[in-house]
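Here's the structure, in structure tokens; my notes come after.
The values are calculated or read from the model by the stated rules, or taken from the named source; none is laboratory data. A quick note: this is a predicted structure, and the numbers were derived from the prediction, not measured. Cβ coordinates were reconstructed from backbone atoms using ideal geometry, including for glycine residues, and neighbour counts include every protein chain displayed. Surface areas here come from the heavy atoms of the whole protein model, side chains and all, with no ligands, DNA or RNA. Shrake-Rupley method; radii C 1.70, N 1.55, O 1.52, S 1.80 Å.
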Amino acid sequence: MRLADIQKIAEIEVDFQRAYKYRINVCCSSGCIPLGAINLLKTFQDLVTEHGVIENCLVARTGCVGTCSVGPVVVVEPGDYIYEKVTPEKARKIVIDHIILGLPVKKLLFENKTFIEKQHRLVLRNAGKIDPYRIEDYIASGGYSALVKCLTKLSPQEVIDEIAASGLRGRGGAGFPTAKKWSFVSRAHGSPKYIIANLDEGDPGVFANRTLAEADPHALIEGLLIAGYAIGAEKAFIYTRAEYPLAIDTLKKAINKASELNIIGKNVLGTSLNFDIEIRLGAGAFVAGEETAIIASVEGRRAMPRPRPPYPATAGLWGKPTVIQNVETLANIPLILQNGGAWFSKIGSPNCAGTKCFSITGKINNPGLIEVPMGITLREVIFDIGGGIPENRSLKAVLVGGPSGGCLPDILLDLPIDYESLKTAGAIMGSGGIVAIDDQSCLIDTAKFFIDFCVAESCGKCTPCRVGLVKIKEIFKKIMQGEGKIEDINLLSKLSTFITETSLCGLGQTAPNPVLTTLRYFKQEYVEHLVDRSCKADKCFKENKGVNIN
Amino acid sequence: MDKNKKPTFATVWLSGCSGCHMSFLDLDEALIEIANKVQLVYSPLIDIKEFPEQVTITLVEGAIANEEQLSMIKKVRTRTSILVALGDCAVTGNVTALRNTEIDGDKKVLKRAFIETSDINPQIPNEVSKLLKKVYPLHEKIPVDYYIPGCPPSPENILYFLTELLAEKSPQVEKRTKFG
Amino acid sequence: MDTKKNLRSSSQSILLSPKKKDNSAVNLGLKNDKRLLKLENFMRKMNYKGCALLEILHKAQEIYGYINKNVLAYIAEAIELPASHVFGVATFYSYFKQQQPGKHVITACLGTACYVKGVEEIICAIEKNFSVKRGGSSDDGKLSLFITRCIGACAIGPAIIIDDDIIGNVTEDLVLEKITSILEREKIETC
Amino acid sequence: MTNEPINLTIDNIKVTAKQDTTILEVAKQYGINIPTLCELEGLSSYSGCRLCLVEIRGSTKLFAACTTPVTSGMEITTNSDKLKEYRKITLSLLLSERTHICSVCVANGNCELQDLSNELGVDHVPFEREWTNHTLDSGHNFLVIDRNRCILCTRCIRVCQETEGAHTLDLKNRGKDAQITIDFDALWKNSSSCTSCRKCAKVCPTGAIYVDDDFISKTKDKNIANFLLKRRQL
């Protein structure tokens, strides 16, 4: 296939889709499948056949719509009618009323308008809209046109310049400017060069990257291709979690299809670009999110980080220059090249362009996956999009940034979400987890939960992280068993600062964040536990209840 | 410290081999010098049953292994101005804490001591104070002012420490004496 | 997986004399094992490259359900990596299991969202009711209980996987009932 | 890249260094003592123990002297109060991690952990100690490994891989459960790859690996890796 063929495929596919009056998108992501989405897809296919509207209505399997709490979710186009908690009976009603009679079934609709309106879906533009298994669907929605543009009109340097103009920063957590990273590698000596797409979303409570891979795998592939073209790499690895079977399957199918069409492989679309993508499976190691650790893991070794320098940009995979990029960052790339860096830089907040995906979970009315412009406030996310706290309870804290993020109090709800302000508040962007915690939770217990996680995930290389975190855990255990002393507050804070400053890698450096932020914002709760021996949430001071037995 | 009155001085022996006390006695003639400066009010070396109300300096040898020792050390702490952990057992738990490596170590040592190695009438006596689940170094149960590690600490170091302390300086033993 | 498609003759595999390999298979008690053939094919596909160790371990676990020392030894010899290295890698990653899991596997998600919604209590209840410890199997080998850090079904938490079925919004009673019924069914079938 | 010497200061002392040398190497040349544990001349750097952390002016981060290369104009502090405090915590953590009882240890008096604790003024361990009880593997003719005394510095692993080339030793498990493994978790006497070269015992900083029939002071030879490395280059 050649460059021009992309356009042809797009035209054919658009014509094909135009022939249908309606399109039923059944969300078949990991969130909806446990609720019966696959059967539902079959039901819809049977129903349109049964009712003779198969010529009129396209039933498609899609990725995540985002409203995961009300799954299985079905979207009817045109008009983006979102149906919630669809059962086979409801499916019948939808087909008869909406498809045949043209009357949307009002009482079955997902009615939270703000959930949709407050969002800005760039990365998730295709999620829930296209069939991830059909490359044609992606191409019809403008897919691979950015690649064609790069290969025909832009030099690698111009691609990097465009990214630089967009102000895109890495979505993996630290927020390093993407263009800067690329130019380091593009200028680095040594070949071949490699790209690793980081899909090792190890944070508990976060599923944005998985959803992305399940819903729009080709956006990721296109992003990788453009990155490869820009920095001169011919090989990319997608490092993903083995716990994500659907994402792996979707990606594999997408890569096979792209190879078939010569979008990846030797002489991509008839040009001189060679590009190969391989999937590498992680195996349950959170620390592999760290860039030097992910390199070790791709090389088939223990995922233990090593000190930098040398940075992966000069000596990464097998000692060669390597770009390690989060998949969410990569999914932004095609859009930036399509619409220009200037367009992108206007979205979001001034020093933080673009959007960010967040998994909002915990004690919240509309848990799910959202994408919001940078700079939006936590209040908007929790209350407008998330719909507030269930059972009319009050919000106690918001956890931002996964297990090594921070526990922020409700007084910080108007904090704009971007890398810098989160850091000032003691949290991190991390991979985009927001967990709402209500007054039924004990923050001592919650902080210990995260420490437990980091203890289990520490690689064991450096002393502060390996031993220090265990000591913190022991102190928490004592507090929760009623044996704590008031001096423990100081000890906790001293140890936490120590671990933050002396650990070798990001895991250790951020692991004490939940402790530090709870000490900072919720000291009273510690005092209550230590002095009054009281736990308002009733989690502590009893055996086997809330206390994790190691 | 009251200039006219000699500071009171005590030594306490918890779970340890008494080696630290031996080392203390090995101060030999220096003991006389110390004796001139302090008033010994409590020690396994003298026959006083009750720990006095007000003690200036107390050297504690040994770790906390049973309930009696725990209540004893708490009492000692409240009645002492400067409490010194003398020797590795008091500082780290040392050999006495080896039973901590076993699950149910407290039961196992009792069994070993009174049943397995007993030739006649093996039984665990009732009059022994109940062992704690674990053996603790002093600072895990009470605040400690100074630590003199060593198994045992050398007489020179004990002398240095006491001389400095009695001269109202703050002794720095940590670089002179080591664990073990 | 289609082995023909990617059948590259490996220069490295020649290094290993076939006889030697055979011996190790006999020693390991693995000879004439169809599963071993599958593993061997996969390793060949991977060119017996050391950097594919993780891939190979994944395959081995897929084939055997877990990876015991015999299989590890076989892999180590085939791809010419030191035993300690292979063992180190296999034990570093929590996904690889060294022990044979029980007949039915319960995997509880201990992600943040599920935790906040009380999965810990449910796990404790399972442990108590079926005498099984997290990370282990029951004495009769019928049941294993594993903990995973987030399966990504956060919106329907707490979530528990019982033999490949993800169950969302679980309650203590619901899980206990499900497990009991699975074990009951098992009993009837074996009678 | 030029080969011009680099000027920098360490603890306010002006020093000159070659390109591509680490802070630790330069400090050593000038007799400035930076405490280390996992680092050993002649082996690759591991940067695990975190004792050699130093401050560099202009950065709030701390840098491991064993792996950070010097650059021109660096102003390095190796001994601030904060660093001293942190080193004490690090040592205390190591001492509290496993069952370290000096008085009954073969390495008593020949132990780098003990010496450093002494040197840096660790007179007690402010954390609750773990009392590990790993089985002693003493079945080998003369090599013994006591994992209760291991501080996971991985010197033995590195000397086994890099110098001896046997790769008998490696790490198994992770985090707090990490351990030294011999082949597939074998007993030492059953190891098929071990050459019984004793280098692991020579470089072990504590009493975790030792030669049974020797005086411990004879067992230890911290220069062995560097010595062999230099011999090979002749």
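Scoring residue A:501 on the criteria (1) in a loop (DSSP other than H, G, I, E, B); (2) at pLDDT 95 or above; (3) in contact with a helix residue (DSSP H, G or I) (Cβ under 8 Å, 6 or more places away or on another chain); (4) open to solvent by 10 Å² or more (accessible area, probe 1.4 Å) leaves a single failure, condition (1). For the stretch A:203-236, the set of residues classified as touching an Asp or Glu at 6+ places or on another chain (Cβ under 8 Å) and either within 30 Å of residue C:156 (Cβ to Cβ) or open to solvent by 10 Å² or more (accessible area, probe 1.4 Å) (or both) consists of A:207, A:208, A:209, A:210, A:212, A:234, A:235, listed by residue number.
In the stretch C:88-191, counting only strands (runs of 3 or more DSSP E) that sit wholly within it, the ones holding 1 or more residues that are hydrophobic (A, V, I, L, M, F, W, C) and at pLDDT 90 or above span C:104-109, C:143-148, C:160-162. Consider the stretch A:371-415 and keep the residues that are among the β-branched types (Val, Ile, Thr) and in a helix (DSSP H, G or I). The one that is nearest to residue A:113 (Cα to Cα) is A:385.
Would you please name the residue that is nearest to the other protein chains (Cβ to nearest Cβ), looking only at residues in the stretch D:131-145 that are buried (at least 18 other Cβ atoms within 10 Å of the Cβ) and closer than 21 Å to residue D:177 by Cα? Here the answer is D:131. Checking each residue in the stretch B:1-45 for being within 17 Å of the chain's Cα centre (by Cα) and open to solvent by 60 Å² or more (accessible area, probe 1.4 Å) picks out B:13, B:17, B:22, B:25, B:26, B:40, B:44, B:45. The set of residues in the stretch D:75-118 being within 9 Å of chain B (Cβ to nearest Cβ), more than 16 Å from the chain's Cα centre (by Cα) and either farther than 19 Å from residue A:463 by Cβ or part of a helix (DSSP H, G or I) (or both) consists of D:101, D:102, D:103, D:104, D:105, D:108, D:109, D:118. Residue B:84 meets each of the listed conditions (1) open to solvent by 70 Å² or more (accessible area, probe 1.4 Å); (2) under 23 Å from residue D:100 (Cα atoms); (3) β-branched (Val, Ile, Thr) apart from (1). Among the conditions (1) touching a strand residue (DSSP E or B) at 6+ places or on another chain (Cβ under 8 Å); (2) more than 8 Å from chain A (Cβ to nearest Cβ); (3) within 19 Å of residue A:303 (Cβ to Cβ); (4) open to solvent by 10 Å² or more (accessible area, probe 1.4 Å), residue C:98 misses just one, which is (1). Being touching a residue at least 40 places away in the same chain (Cβ under 8 Å) and in a helix (DSSP H, G or I) is a description that does not apply to residue A:189.
Checked against (1) in contact with a strand residue (DSSP E or B) (Cβ under 9 Å, 6 or more places away or on another chain); (2) more than 7 Å from every other protein chain (Cβ to nearest Cβ), residue C:87 passes all but a single condition, namely (2). Residues in the stretch D:197-220 that are farther than 15 Å from residue D:114 by Cα and open to solvent by 40 Å² or more (accessible area, probe 1.4 Å) were compared, and the one that is farthest from the chain's Cα centre (by Cα) is D:213.
Only residues that are facing chain A (nearest Cβ under 9 Å), open to solvent by less than 20 Å² (accessible area, probe 1.4 Å) and touching a residue at least 40 places away in the same chain (Cβ under 8 Å) were counted across the stretch D:51-74, and they come to 3.
Put simply, of A:379, A:393 the only residue that is over 24 Å from residue C:152 (Cβ atoms), in contact (Cβ under 8 Å) with a residue 40 or more places away in the chain and open to solvent by 10 Å² or more (accessible area, probe 1.4 Å) is A:393. When the stretch B:49-71 is limited to residues that are open to solvent by 40 Å² or more (accessible area, probe 1.4 Å) and of a type outside the set (S, T, N, Q), the one that is farthest from residue B:140 (Cα to Cα) turns out to be B:49. Total residues in the stretch A:357-370 satisfying the condition of being surrounded by fewer than 24 Cβ atoms within 10 Å (Cβ to Cβ) and in a strand (DSSP E or B): the figure is 0. For the stretch A:528-548, the criterion of being aromatic (Phe, Trp, Tyr), part of a helix (DSSP H, G or I), within 21 Å of residue C:115 (Cα to Cα) and more than 10 Å from chain D (Cβ to nearest Cβ) is met by no residue.
From A:477, A:461, A:485, which residue is among the charged types (D, E, K, R), open to solvent by 10 Å² or more (accessible area, probe 1.4 Å) and in a helix (DSSP H, G or I)? When all the criteria are applied, what remains is A:477.
If you go through the stretch D:164-192 and keep only what is more than 7 Å from every other protein chain (Cβ to nearest Cβ) and open to solvent by 10 Å² or more (accessible area, probe 1.4 Å), you end up with D:164, D:165, D:166, D:177, D:179, D:186, D:187, D:189, D:190, D:191, D:192.
Taking residue A:354, is it crowded, with 24+ Cβ neighbours inside 10 Å and of a type outside the set (Val, Ile, Thr)? Judged against the criteria, residue A:354 is a match.
The residues listed here are A:240, A:292; of these, the one that is away from chain C (no Cβ under 13 Å) and polar (S, T, N, Q) is A:292. Residues that are farther than 28 Å from residue A:200 by Cα, touching a residue at least 60 places away in the same chain (Cβ under 8 Å) and part of a helix (DSSP H, G or I) within the stretch A:328-342 comprise just one, A:342.
Residues in the stretch C:124-135 that are without any contact (Cβ under 8 Å) to a residue 12 or more places away in the chain and either away from chain A (no Cβ under 13 Å) or open to solvent by less than 50 Å² (accessible area, probe 1.4 Å) (or both): C:124, C:131.
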